[in-house]
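A.B. asks: What follows is a structure written as structure tokens; I'll ask about it next.
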Amino acid sequence: MSVAVVVYPGTNCERDVMHALRDVGAEAELVWHREEDLSGFEGVVLPGGFAHGDYLRPGAIARFSPVMKGIEELAEAGKPVLGICNGFQVLCEAGLLPGALVENRGLRFICRFVHVRIDSTDTVLTRATRLGQVLRIPLNSYRGSYAVESAGVESGLVAMRYCDEAGEVDAEHNLNGSVDSVAGLANQRGNVVGFMPHPERASDRALGSGDGRVLLESFVAALGDA
Amino acid sequence: MPELHHELGMTDLEYTAVIDTLNREPTEAELMMYSLMWSEHCSYKSSLPHLRDLPSDGPQVVVGPGGGAGVVDLGGGWLAALRIESHNHPSFVEPYQGAATGVGGILRDVLSMGARPIALWNQIRFGELSDPRVRYLFDGVVSGIAGYGNAVGVPTLGGEVAFEPCFEANPLVNVMCLGILRSDDLVPSGSLDNGDVAVLLGAPTGRDGIGGASILASASFSEEDVSKRPAVQVGDPFAAKKLIETCLELASRRLLVGLQDLGAAGIACAASETAAGAGSGMDLALDAMPRREDRMSPAELLVSESQERMLAVVAIADLPAALEVARRWEIEASPVGTMTAGGTLRVFDGDSIAAEVPAESLADGAPVASRPAAKPGYIDEVWAAAAEPQAPLDVGGALLGLLDQPALASKAWVYEQYDHMLGMGTVVGPGHDGALLRLRGTQKGLAVSTDGNSRRCLLDPRRGTSRLVFEAALNVAVTGAKPIGLVDNLNFGDPEQPGVMWQFVEAVAGLSDACRSLEIPIVGGNVSFYNSSDSGDIMPTPVIAMLGLADPMPETPPRLDAATDGMGLWLIAGGGDVPDFAASAYAKLMDGELVGRPLPADPVLGKGVIDVALQLAGGGHAAVVHDISEGGLALALTEICMMSGVGAKVDIRDWRILFGEAPHRVLVASDRSNLADLVDLGDAVRVTPIGRFGGDVIHFGDAAPIAVVEAAAVWRNAIPRRMAGRSR
């Protein structure tokens with residue numbers, strides 16, 4: 001049950017994600033973006049970072065990397081595919097998820113703990129959670145504002161929304177100005193998920209929160225799917 | 001070429017020394033190299049004689065000052081590499097790129113030891129935020145640090161932000177980096193064999209940053225100097241990330257016999273230092289350097305400060321393997337040099353020789369500049385006047401005034417733009433006394449605190465600097481980490497002014513005294529002179545960056561937000577309560593006068609308080625252990641209350657004790673009733689219960705209470721409200 005952790009030249013969360021996956025019992029292996037065959041893996045994670053420097057739109061170059069073929073094949077086969085932060089941007093650019101990620105409201109990088117509410121448990125990232133459960137997880141991004149035409153959101157499943165400590169969704173707690181407060185989004189099938197906050201950074205209470213662990217456990221539990 | 005050497009910032013004496021070294025007139029390329037390598041920035045010609053006696057030894061020191069970075073042993077086969085640098089002048093000319101490339105440069109210094117950079121700290125100082133240009137500089141510097149650090153994948157765990165009018169036209173941007181490595185991966189230095197190959201790694205070379213070290217960093221500034229913008233380099237964190245991974249793989253596969261950063265003075269510096277360090281020479285082929293621009297002259301290629309480049313030295317047998325590593329990480333690798341016997345750096349431009357100089361003369365041959373030092377006139381005046389600010393109308397009002405000072409306010413506006421969580425090591429992040437990182441796979445924690453105090457160092461550079469060392473040591477101790485080494489960044493004005501030189505010599509003496517008292521070795525440092533503008537020299541601003549080791553790391557390290565209802569409040573200090581208002585934040589707020597002579601550090605008490613803080617933090621006896629510094633006890637307690645979201649009642653009425661800034665004092669929040677019995681206090685230290693946490697207001701004696709939420713609103717909003725409307 002091994003997970004591929006994709007490394008573009010400018011990815012920078014690859015080792016964090018690999019360690020966090022191993023901490024919840026998965027086998028995880030770094031895979032260079034020139035590799036196109038991921039058939040030996042049960043799932044794939046695209047970690048955060050700046051895939052090719054993000055001097056163009058984030059993910060605009062990454063979608064043409066050879067590894068995209070392997071990612072698409074896993075997605076097609078119904079296996080779990082997770083894009084975190086920059087990985088979310090790449091999945092949108094590649095058309096595996098609807099919409100795009102644009103500059104934060106306020107045009108500044110945001111690095112802080114936020115709260116997200118589970119709004120669907122029908123995704124590989126949230127299946128071990130409860131509807132309405134509130135998780136405290138770090139948001140660390142500059143282009144983290146989810147943008148899409150209104151029909152676009154409906155073509156996917158909103159897995160998580162930014163909210164306050166009690167689970168109330170409002171504009172104040174939608175720090176980056178995402179459409180409909182979207183923090184995490186899946187395809188209809190629920191096997192391809194993009195999530196802007198970093199679950200791996202909340203996978204150990206010594207780091208301020210262990211709330212991300214249940215998400216990674218969900219993902220690892222889904223490795224046997226399809 | 002008498003005119004050219006002046007244009008390049010060289011004196012006639014230095015020019016004559018070049019001719020004496022070569023026994024002939026230098027070529028243009030040679031003169032360019034000497035002008036940079038002998039600049040103040042590269043050669044330390046004014047400061048070196050004063051730095052030689054600084055204590056830099058200790059059983060833990062693996063590499064001391066003079067290496068690419070200082071290296072200390074953490075035990076268990078782990079080493080830490082640390083270094084601090086300034087990028088003051090470039091950041092005034094172009095704040096975003098100036099700060100960004102400062103980050104890039106310090107990362108490569110740490111990388112040159114074979115260490116993976118794991119965290120950054122920035123010490124940034126500006127004029128007052130009421131000035132729109134200051135807001136532009138502040139915003140640009142913070143964005144530049146964020147833009148580069150966040151993308152390159154190294155977390156920024158904090159640092160310092162301060163504001164004084166003297167920094168209006170000369171901001172200070174200091175950057176410190178910490179790296180870790182296995183002891184086997186330390187890149188060797190010294191012996192190189194003839195025939196070893198120098199490989200230029202990373203970005204191609206362009207015309208950016210030419211003369212940065214001599215033109216920008218080694219001369220005073222005036223307002224027109226924005227025209228020097230072409231001398232500022234442009235950063236590319238994406239290229240840097242690839243360079244880091246390449247170099248680390250080369251180091252871990254033992255493919256390196258040497259590794260050097262290309263920073264100030266470009267490949268001229270890297271090649272001459274590599275050769276001189278090994279007692280060798282080098283043949284350098286300019287034709288082999290990949291370049292970004294056409295028709296670059298030999299001089300331009302030699303001293304370009306294009307970013308994201310390293311010079312690796314590999315044995316010829318390992319060259320194919322090394323080139324393959326670079327190819328896989330998608331960066332350029334070009335064999336440009338060969339190590340030779342003798343000690344000559346020969347630079348080939350095609351078949352002709354563009355330069356042929358003794359490598360050692362470039363790297364270490366700068367004539368020492370003997371700068372006279374004399375006590376400036378202001379010193380006796382300020383010492384003669386006592387710092388006796390007026391009493392506050394009410395304690396609460398004075399406290400809110402302090403909380404609204406940008407230097408004392410919450411820095412969340414700054415550090416929330418920095419990724420401080422990357423790497424999954426941040427146990428105590430920015431906003432606390434010291435940051436604490438865990439070292440994965442071990443029980444160890446690494447703590448860092450960086451500290452400066454321009455106002456106190458102006459009033460007494462020796463006492464001011466000495467107190468900084470004690471404060472920085474205390475700030476790592478409160479996380480449970482024992483101080484094991486430091487690097488310093490000495491930011492001063494024009495060294496050709498005897499008064500500035502006196503400040504420098506005094507500060508170095510204070511640094512030396514404190515390090516000897518605490519037995520903490522100095523493993524590296526940087527000197528930045530010529531921080532002056534049309535309005536004069538900056539206040540002397542030494543910055544201390546202290547590294548501490550917690551082994552094992554406490555299970556629950558103290559943090560400022562951990563006080564809860566019912567906990568006791570304790571003061572750890574010496575016996576006598578002597579308020580110190582010289583250079584205090586309270587005096588600045590109340591009457592703006594900067595007079596008096598600050599109290600000196602007390603080595604016995606200072607050491608004792610650090611030791612008690614370590615016992616409390618390491619033993620898990622306290623939820624909060626907080627150093628009392630600027631703003632005094634009142635501000636320190638309010639910080640705990642605001643971050644913890646709890647009120648407090650403290651039995652101190654005397655405003656002098658509340659706002660004074662005597663050294664070596666710590667506040668503790670703990671649920672233990674017998675704190676004094678849990679630690680060995682030694683002879684000098686007292687632990688006094690002074691109050692209790694609870695409720696949602698803060699009571700200072702019988703003064704009118706202050707609501708925690710009201711205080712917090714002022715404190716959190718002080719910087720954002722001044723920066724409102726600046727959106728990038």
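The values are calculated or read from the model by the stated rules, or taken from the named source; none is laboratory data. What you see is a predicted model, and the numbers here were worked out from it, not measured in a lab. Quick reminder, even Gly has a Cβ in these numbers, built from the backbone with ideal geometry, and neighbours come from all protein chains shown.
A.B. asks: Out of B:Ile572, B:Ile544, which single residue is farther than 23 Å from B:Val62 by Cβ and not in a loop (DSSP other than H, G, I, E, B)?
C.D. replies: Step by step, each of B:Ile572, B:Ile544 is checked, and only B:Ile572 is farther than 23 Å from B:Val62 by Cβ and not in a loop (DSSP other than H, G, I, E, B).
A.B. asks: In the stretch B:294-325, how many residues are assigned to a loop (DSSP other than H, G, I, E, B), surrounded by 14 or more Cβ atoms within 10 Å (Cβ to Cβ) and of a type outside the set (S, T, N, Q)?
C.D. replies: Matching residues across the stretch B:294-325 total 4.
A.B. asks: Before we move on, is B:Ser466 touching an Asp or Glu at 6+ places or on another chain (Cβ under 6 Å) and either more than 14 Å from every other protein chain (Cβ to nearest Cβ) or on the phi < 0 side of the Ramachandran plot (or both)?
C.D. replies: yes
A.B. asks: Within the stretch B:667-677, is even one residue modelled with pLDDT under 95, in a helix (DSSP H, G or I) and not aliphatic (A, V, I, L, M)?
C.D. replies: Yes - at least one qualifying residue is present in the stretch B:667-677.
A.B. asks: Any idea which residue in the stretch B:152-168 is farthest from the other protein chains (Cβ to nearest Cβ), counting only those that are outside any strand (DSSP E or B) and crowded, with 22+ Cβ neighbours inside 10 Å?
C.D. replies: B:Cys166
A.B. asks: Would you mind telling me which numbered condition in (1) more than 14 Å from every other protein chain (Cβ to nearest Cβ); (2) touching a helix residue (DSSP H, G or I) at 6+ places or on another chain (Cβ under 6 Å); (3) β-branched (Val, Ile, Thr); (4) in a helix (DSSP H, G or I) B:Val173 fails?
C.D. replies: The one condition B:Val173 does not meet is (4).
A.B. asks: Given the criteria crowded, with 24+ Cβ neighbours inside 10 Å, touching a residue at least 60 places away in the same chain (Cβ under 8 Å) and touching an Asp or Glu at 6+ places or on another chain (Cβ under 6 Å), does B:Leu486 qualify? Reasoning before the result, please.
C.D. replies: Details: crowded, with 24+ Cβ neighbours inside 10 Å: yes; touching a residue at least 60 places away in the same chain (Cβ under 8 Å): yes; touching an Asp or Glu at 6+ places or on another chain (Cβ under 6 Å): no.
Answer is no for this residue.
A.B. asks: Tally time: how many residues in the stretch B:553-564 are farther than 20 Å from B:Leu403 by Cβ and out of contact with any strand residue (DSSP E or B) (no Cβ under 6 Å at 6 or more places or on another chain)?
C.D. replies: The total comes to 4.
A.B. asks: Would you confirm whether any residue within the stretch B:409-423 is away from chain A (no Cβ under 14 Å), closer than 24 Å to B:Trp715 by Cα and modelled with pLDDT of 95 or more?
C.D. replies: Within the stretch B:409-423, one or more residues are away from chain A (no Cβ under 14 Å), closer than 24 Å to B:Trp715 by Cα and modelled with pLDDT of 95 or more.
A.B. asks: For the condition in contact (Cβ under 8 Å) with a residue 60 or more places away in the chain and either aromatic (Phe, Trp, Tyr) or over 30 Å from B:Glu388 (Cα atoms) (or both), what is the one hit in B:Gly645, B:Gly660?
C.D. replies: B:Gly645
A.B. asks: Out of everything in the stretch A:13-28 that is within 10 Å of another protein chain (Cβ to nearest Cβ) and touching an Asp or Glu at 6+ places or on another chain (Cβ under 6 Å), what residue ends up being surrounded by the fewest Cβ atoms within 10 Å (Cβ to Cβ)?
C.D. replies: Taking the candidates together, the pick is A:Asp16.
A.B. asks: Give the stretch B:176-201 a look and list any residue that's in a strand (DSSP E or B), over 16 Å from the mean Cα position of the chain (by Cα) and of a type in the set (A, V, I, L, M), or say none.
C.D. replies: B:Ile180, B:Leu181, B:Val197, B:Ala198, B:Val199, B:Leu200, B:Leu201 - these are the residues of the stretch B:176-201 that are in a strand (DSSP E or B), over 16 Å from the mean Cα position of the chain (by Cα) and of a type in the set (A, V, I, L, M).
A.B. asks: So is A:Gly167 touching a residue at least 12 places away in the same chain (Cβ under 8 Å), more than 29 Å from B:Gly153 (Cα to Cα) and more than 14 Å from chain B (Cβ to nearest Cβ) or not?
C.D. replies: So A:Gly167 passes the test.
A.B. asks: Same structure, new question: Inside the stretch B:439-466, can you point out the residues that are farther than 22 Å from B:Pro55 by Cα, at pLDDT 95 or above and small (Gly, Ala, Ser)?
C.D. replies: Scanning the stretch B:439-466 gives B:Gly445, B:Ser454.
A.B. asks: Next question. For the condition more than 22 Å from A:Val220 (Cα to Cα) and under 14 Å from the mean Cα position of the chain (by Cα), what is the one hit in A:Gly48, A:Gly59, A:Gly53?
C.D. replies: A:Gly59
A.B. asks: Picking from A:Gly184, A:Gly87, A:Gly144, which residue would you name as being within 14 Å of another protein chain (Cβ to nearest Cβ) and small (Gly, Ala, Ser)?
C.D. replies: Numbers: A:Gly184 fails: within 14 Å of another protein chain (Cβ to nearest Cβ); A:Gly87 fails: within 14 Å of another protein chain (Cβ to nearest Cβ).
The match here is A:Gly144.
A.B. asks: Next up: Tell me which of these A:Pro98 doesn't satisfy, since it passes every other one: (1) within 13 Å of chain B (Cβ to nearest Cβ); (2) under 17 Å from the mean Cα position of the chain (by Cα); (3) not charged (D, E, K, R).
C.D. replies: A:Pro98 satisfies all of (1) within 13 Å of chain B (Cβ to nearest Cβ); (2) under 17 Å from the mean Cα position of the chain (by Cα); (3) not charged (D, E, K, R) except (1).
A.B. asks: Right, another one. Tell me the residue from B:Leu486, B:Leu490, B:Leu474 that is assigned to a helix (DSSP H, G or I) and within 19 Å of the chain's Cα centre (by Cα), please.
C.D. replies: Answer to the selection: B:Leu474.
A.B. asks: Next up: For the stretch B:260-283, what are the residues that are part of a helix (DSSP H, G or I) and hydrophobic (A, V, I, L, M, F, W, C)?
C.D. replies: Filtering the stretch B:260-283 down to residues part of a helix (DSSP H, G or I) leaves B:266-278.
B:Ile267, B:Ala268, B:Cys269, B:Ala270, B:Ala271, B:Ala275, B:Ala276, B:Ala278 - these are the residues of the stretch B:260-283 that are part of a helix (DSSP H, G or I) and hydrophobic (A, V, I, L, M, F, W, C).
A.B. asks: So A:Glu172 clears everything in (1) within 14 Å of chain B (Cβ to nearest Cβ); (2) surrounded by fewer than 19 Cβ atoms within 10 Å (Cβ to Cβ); (3) in a helix (DSSP H, G or I) except one condition, right? Which one?
C.D. replies: It fails just one condition, (1).
A.B. asks: Quick one: which of A:Glu93, A:Glu42, A:Glu103, A:Glu35 is surrounded by 21 or more Cβ atoms within 10 Å (Cβ to Cβ), charged (D, E, K, R) and free of Cβ contacts under 8 Å to residues at least 60 places away in the same chain?
C.D. replies: Being surrounded by 21 or more Cβ atoms within 10 Å (Cβ to Cβ), charged (D, E, K, R) and free of Cβ contacts under 8 Å to residues at least 60 places away in the same chain holds for just one of A:Glu93, A:Glu42, A:Glu103, A:Glu35, which is A:Glu93.
A.B. asks: Out of B:Pro367, B:Pro335, B:Pro372, I need the residue that is part of a loop (DSSP other than H, G, I, E, B) and either more than 19 Å from B:Leu22 (Cα to Cα) or within 14 Å of chain A (Cβ to nearest Cβ) (or both). Which one?
C.D. replies: The unique qualifying residue is B:Pro372.
A.B. asks: Then there's this: For B:Arg692, are the conditions met, namely being within 23 Å of B:Asn453 (Cβ to Cβ) and either modelled with pLDDT of 95 or more or within 14 Å of chain A (Cβ to nearest Cβ) (or both)? Write out each step before concluding.
C.D. replies: Working: within 23 Å of B:Asn453 (Cβ to Cβ): no; either modelled with pLDDT of 95 or more or within 14 Å of chain A (Cβ to nearest Cβ) (or both): yes.
Answer is no for this residue.
A.B. asks: Right, B:Glu245: under 17 Å from B:Ser191 (Cβ atoms) and not in a strand (DSSP E or B) or not?
C.D. replies: No: the conditions fail for B:Glu245.
A.B. asks: Given the stretch B:61-149, what strands (runs of 3 or more DSSP E) lie entirely inside it while holding 1 or more residues that are surrounded by 24 or more Cβ atoms within 10 Å (Cβ to Cβ) and touching a residue at least 40 places away in the same chain (Cβ under 8 Å)?
C.D. replies: Counting at least 1 such residues, we get B:70-75, B:78-86, B:116-126.
A.B. asks: Here is a follow-up. Out of the stretch B:46-55, which residues are in contact (Cβ under 8 Å) with a residue 24 or more places away in the chain and under 16 Å from B:Val527 (Cα atoms)?
C.D. replies: Once the filter is applied, which keeps residues that are in contact (Cβ under 8 Å) with a residue 24 or more places away in the chain and under 16 Å from B:Val527 (Cα atoms), the stretch B:46-55 yields B:Ser46, B:Ser47, B:Leu48, B:Pro49, B:His50, B:Leu51, B:Asp53, B:Leu54.
A.B. asks: Further, regarding this structure: For the stretch A:29-48, give me the residue count where each residue is in contact with a helix residue (DSSP H, G or I) (Cβ under 9 Å, 6 or more places away or on another chain) and either modelled with pLDDT under 95 or away from chain B (no Cβ under 14 Å) (or both).
C.D. replies: Matching residues across the stretch A:29-48 total 11.
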